[in-house]
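Worksheet: the structure to be examined is printed underneath.
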Amino acid sequence: MEGIDLIVLLLFGILFSVSGKFTVTGPSQPVIAIVGEDALLDCQLVPERFVSNMVVRWFKSDFGLPVHVYRNGQDDTVAQHKDYRGRTELFKDEVTKGNVSLRIKNTRVFDEGKYLCTVDDKTDIEETEIELKVGALGREHWIQIDGYHKNGIQLVCESNGWFPKPEILWTHGDGQNLTAQSEMNYQQDSKGLVNVQSFVAVTRDSTNRFQCLIQNKLLKKEQEAAIQISELQHDKTIKQFDQWKSVNDSDWKNIFVCAAPVTLDTETANPRLEVSKDLKNVRLTQTERSIHDSGERFTVWESVLGSEGFTSGAHYWEVAVAGNQHWTLGVAKETVDRKKDIQLLSQNGFWTIGRAEDKFQVNSDNQPDIHAGEIPMKIGVYLSYDSRRVSFYGANRKVYLYTFTGCEFTEKLYPFFSTTHLNKWLRICPVQH
């Protein structure tokens, strides 16, 4: 009987081989990949063999075209969806062994979804479905004071570049959870990543240390930011409020990471402005230069733009203003009117602060004064295009000054510089820790 059983098994194996029957298997659980890294979608033939007439096609459920095609021993890039060209590959040395797994390089948010691994031997088509989930950990996370709120102040916790949408938990020093009284604001950038802001109001009798915990449940990872607020238990005078706006070292590190190599664009400079040869300094002179105007030059405002424009990401630069009592700094849209005497307001494409003698003001509709104790000698400008925010800092004293939030950014933005103080330089400084 044992001999008969052996013969039956051998015959079955021969029949199985001749008939060409096979199956395709893959993981039953979702595959998790991190944005920017490679994703591996495992797909195997059973039995472990691959013959020359077989064609492998990988499809994404929401795409009509395949994301990868392999036939006649080579990749067919003509049939491949354009978003995946140059980003996918099979393991060529493993294909003959039945391994038709797909590697997706430089994973993006939009790669998330369900994929079909199909194998066609001209007689049968077998397939298996594999789900890919994509995650990203944010960056530039910090807490800062956003302003007054009733009998206390409002804190904001912000971070960019998450996926999927993260959760934010607020606590203060005694362990009490403040999350229920917070407000959330989510925005998705052009890459599909999520920028998050969370606001919470704290009263003067609260403890003086607060934590913001940002969690990615998919990746099971989290990041924490904290802020220490001095003398919160006392009445909130303007002087005390200035003390609260100190930025701690960890937050500065997050800002410094975004340092941008800003230089001045002489083609945009008003004819009365002198720009240094290294394109780092600018001052107002009595002489009006006779220079060519390609249409980009400011002819009314004594202003100049930076050479580098931004359409995404976060960028930070610093400008020394010591000795200059008439200046304006910030960002401007590429299409601002450079030939008319218009107000430097957000509705006209400018997000700026400035000094005129002893007045240190935000250039917005109500032009609030900035109470900084003393006017800083060096101004830090932070642009977060994706979260639609422009913030200003007293860089020499490490203090927060003001933030424009919810800005309407729809085009390229440039660093903006303006001065009406004769022969007093504005100097772009290297950003140093």
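Residues of the stretch 398-433 with backbone nitrogen within less than 15 Å of a virtual label 7 Å along the Cα-to-Cβ line of Glu308, please, listed as ranges.
413-416, 428-432
When all protein chains stay in place, what accessible area (Å², nearest 10, 1.4 Å probe) is found for Lys82?
In the full protein context, Lys82 sits at about 140 Å².
Scanning the chain for GluC sites (Glu not before Pro) in DSSP loops with at most 16 other Cβ atoms within 10 Å, what's the longest stretch left with none? Walk me through the intermediate numbers first.
Details: sites that count: Glu37, Glu48, Glu231, Glu288, Glu296, Glu308, Glu334, Glu357, Glu374, Glu408, Glu411.
In short, 49-230.
Rounded to the nearest 500, what is the chain's calculated 222 nm mean residue ellipticity when only DSSP H runs of at least 4 contribute -39500 (n - 2.57) each, over all residues? Write down the numbers at each step before the final one.
Numbers: 4 runs with 37 residues, N = 433.
For the chain, the value works out to -2500 deg cm²/dmol.
As a test of reading the structure, rank Cys117, Cys429 by solvent-accessible area (1.4 Å probe, protein chains only), most first.
Values: Cys117 0, Cys429 30 Å².
Descending order: Cys429, Cys117.
Along Cα→Cβ, 7 Å out, is where each label goes; now give me the distance between the ones at His292 and Lys277 in nm to one decimal.
Reported label-point gap for His292 and Lys277 is 2.2 nm.
Can you pick out the pairs among Lys82/Lys220; Lys105/Lys191; Lys280/Lys424; Lys82/Lys412 whose Cα atoms lie more than 22 Å from each other?
Lys82/Lys220; Lys82/Lys412
Of the options Val331, Val300, Pro27, report the single residue whose Cα projects farthest towards the positive end of the charge dipole of the chain (beta-carbon charges: Lys, Arg +1; Asp, Glu -1).
The Cα lying farthest towards the positive end belongs to Val300.
Can you sort Ser182, Ser250 by solvent-accessible area, 1.4 Å probe, largest first?
Solvent-accessible surface, decreasing: Ser250, Ser182.
Lone cysteines in the chain, going by a 4.7 Å Cβ-Cβ cut-off?
Cys258, Cys407, Cys429, each lacking another Cys Cβ under 4.7 Å.
If you build a Gaussian network model of the chain, linking Cα atoms that sit under 10 Å apart, which residue out of Ala225, Ala322, Ala269 swings the most?
Ala322
Once fully extended, how much extra length lies between Thr77 and Glu183, figured as 0.36 nm per residue of separation less the alpha-carbon to alpha-carbon distance?
Details: separation 106, 0.36 × 106 = 38.16 nm, distance 4.74 nm.
Between Thr77 and Glu183, full extension yields 33.4 nm more.
Less than 11 Å Cβ to Cβ from Ile428, Lys/Arg counted +1 and Asp/Glu -1: what total charge do the surrounding residues give?
Values: positive: Lys280, Lys378, Arg427; negative: Asp278, Glu318.
Summing Lys and Arg as +1 and Asp and Glu as -1 gives +1.
Gaussian network model of the chain, Cα springs within a sub-10 Å range: biggest mean-square fluctuation belongs to which of Ser387, Ser61, Ser312?
Of the options given, Ser61 has the highest mean-square fluctuation.
What does the charge add up to near Phe409, with Lys and Arg as +1, Asp and Glu as -1, over the other residues with Cβ less than 12 Å from its Cβ?
-1
In square angstrom, what is the accessible area per residue of the stretch 92-229 with a 1.4 angstrom probe?
On the way: 6380 Å² over 138 residues.
On a per-residue basis, the stretch 92-229 sits at 46 Å².
In terms of solvent-accessible area of protein heavy atoms at a 1.4 angstrom probe, what is the ranking of Asp111, Asp369, highest value first?
Asp369, Asp111
The values are calculated or read from the model by the stated rules, or taken from the named source; none is laboratory data. Everything numeric in this text was worked out from a predicted model, so none of it was measured. Glycine gets a Cβ as well: all are built from the backbone with ideal geometry, and neighbour counts include every protein chain shown. Side chains are part of the model used for accessible areas, which takes the heavy atoms of the whole protein and leaves out ligands, DNA and RNA. Shrake-Rupley method; radii C 1.70, N 1.55, O 1.52, S 1.80 Å.
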